[in-house]
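Inspection log for the structure reproduced underneath, given as structure tokens.
The values are calculated or read from the model by the stated rules, or taken from the named source; none is laboratory data. Treat the numbers as computed from the prediction; the structure is a model and nothing was measured. Cβ placement follows ideal geometry from the backbone for every residue including glycine, while neighbour counts extend to all protein chains displayed.
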Amino acid sequence: MFYKDARGVYRVEELDRLRWLEHGFGTRASQGWIPGLVAWVKQVHSDRCLTADGASGCLGEADGLISNSAGPYLSVRTADCIPVLIADERLRAIAAVHAGWRGSAGAIARKAVERMQQRFGSRPEDLLAAIGPGICGACYEVGPEVASRFAPWFPERSDLGQRTTLDLAAANRRQLIEAGLDASRIFASALCTACHPDEFHSWRREREQAGRMVSAIAIRSGV
């Protein structure tokens, strides 16, 4: 499962076994941890995913990137929102997703999988997904206008029409299962950005002073 390496970056053992893959979830201590070219998007809290096609730099306005090209890291920046990294172990395709509440309400994790299917021919049964550090369900309190939008993923809850707490990581996990991934191939960190001030930035805790953590995934060249 999740462990922290010498750079202060969280990694996932199940993804480490893919020798062609590099990945990591950043922390306060891991600024500049990515050793190569980086692709990113201007994050706009959407459900949109773009195809990187081996390009680096800012590729447009979206909240997810997919690729099957070696080289640049696909990256997302978070401070309470949920970072999701996805790898297709059969076709060597990848995705990086920024899932805030708006993107999660729009099922961005599921749509990233669908985009990989359409673009690369990925099969859900071949995908591995890692859900990185984000604000936990106990810390994330929202109003009914937000909570009610998550009724499709929490049908067992009767409190979504009022102010309540919301587990974004669990919502994204359920969306990945809805997309066809086996639950045993989805790995969640259970690390809360709001609960661990020494390790993570948190918008809820720090507001305008909050920094950002960078999470990224890449296909290694020549492997």
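Of note:
- Meets criteria (crowded, with 24+ Cβ neighbours inside 10 Å, aromatic (Phe, Trp, Tyr) and under 18 Å from Ile131 (Cα atoms)) for Phe2: no
- Lone qualifier among Gly137, Gly121 - being closer than 29 Å to Ala87 by Cβ, surrounded by 12 or more Cβ atoms within 10 Å (Cβ to Cβ), touching a Ser or Thr at 6+ places or on another chain (Cβ under 6 Å) and at pLDDT 95 or above: Gly137
- Test for Val97: is it among the β-branched types (Val, Ile, Thr), modelled with pLDDT of 95 or more and within 15 Å of the chain's Cα centre (by Cα): yes
Quick grid of which residues meet (1) of a type outside the set (D, E, K, R); (2) out of contact with any Ser or Thr (no Cβ under 7 Å at 6 or more places or on another chain); (3) at pLDDT 95 or above; (4) surrounded by fewer than 16 Cβ atoms within 10 Å (Cβ to Cβ):
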{"site": "Arg17", "(1), (2), (3), (4)": "no, yes, yes, yes"}
{"site": "Gln31", "(1), (2), (3), (4)": "yes, yes, no, yes"}
{"site": "Trp40", "(1), (2), (3), (4)": "yes, no, yes, no"}
{"site": "Gln43", "(1), (2), (3), (4)": "yes, yes, yes, no"}
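- Test: residue in the stretch 177-185 that is surrounded by fewer than 20 Cβ atoms within 10 Å (Cβ to Cβ) and modelled with pLDDT under 95: no
- Qualifying residue in the stretch 78-92 (condition: of a type outside the set (Asp, Glu) and modelled with pLDDT under 95): no
Condition check ((1) among the charged types (D, E, K, R); (2) surrounded by fewer than 18 Cβ atoms within 10 Å (Cβ to Cβ); (3) touching a residue at least 60 places away in the same chain (Cβ under 8 Å); (4) within 22 Å of Gly134 (Cα to Cα)) across all residues:
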{"position": "Trp20", "(1), (2), (3), (4)": "no, yes, yes, no"}
{"position": "Thr27", "(1), (2), (3), (4)": "no, no, yes, yes"}
{"position": "Cys49", "(1), (2), (3), (4)": "no, no, yes, yes"}
{"position": "Gly57", "(1), (2), (3), (4)": "no, yes, no, no"}
{"position": "Leu65", "(1), (2), (3), (4)": "no, no, no, yes"}
{"position": "Asn68", "(1), (2), (3), (4)": "no, no, yes, no"}
{"position": "Gly71", "(1), (2), (3), (4)": "no, yes, yes, no"}
{"position": "Asp80", "(1), (2), (3), (4)": "yes, no, yes, yes"}
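- Of the numbered criteria (1) of a type in the set (Gly, Ala, Ser); (2) closer than 22 Å to Asn68 by Cβ; (3) surrounded by fewer than 21 Cβ atoms within 10 Å (Cβ to Cβ), the one Ser148 fails is (2).
- The one condition in (1) among the charged types (D, E, K, R); (2) under 24 Å from Pro124 (Cβ atoms); (3) without any contact (Cβ under 8 Å) to a residue 60 or more places away in the chain that Lys42 fails to fulfil: (2)
- Single condition Ser215 does not satisfy, out of (1) surrounded by 14 or more Cβ atoms within 10 Å (Cβ to Cβ); (2) more than 29 Å from Ala29 (Cα to Cα); (3) not β-branched (Val, Ile, Thr): (2)
- Given (1) touching a residue at least 60 places away in the same chain (Cβ under 8 Å); (2) part of a loop (DSSP other than H, G, I, E, B), number of the condition Ala169 does not satisfy: (2)
- Residue satisfying condition, being under 20 Å from Glu114 (Cα atoms), free of Cβ contacts under 8 Å to residues at least 40 places away in the same chain and not hydroxyl-bearing (Ser, Thr, Tyr), within set Glu61, Glu13: Glu61
- Residue list for the stretch 190-207, restricted to those being loosely packed, with under 15 Cβ neighbours inside 10 Å, touching a Cys at 6+ places or on another chain (Cβ under 9 Å) and outside any loop (DSSP other than H, G, I, E, B): Arg204
- Selection within the stretch 57-96 - closer than 13 Å to Ile219 by Cα and polar (S, T, N, Q): Ser67, Asn68, Ser69, Ser75
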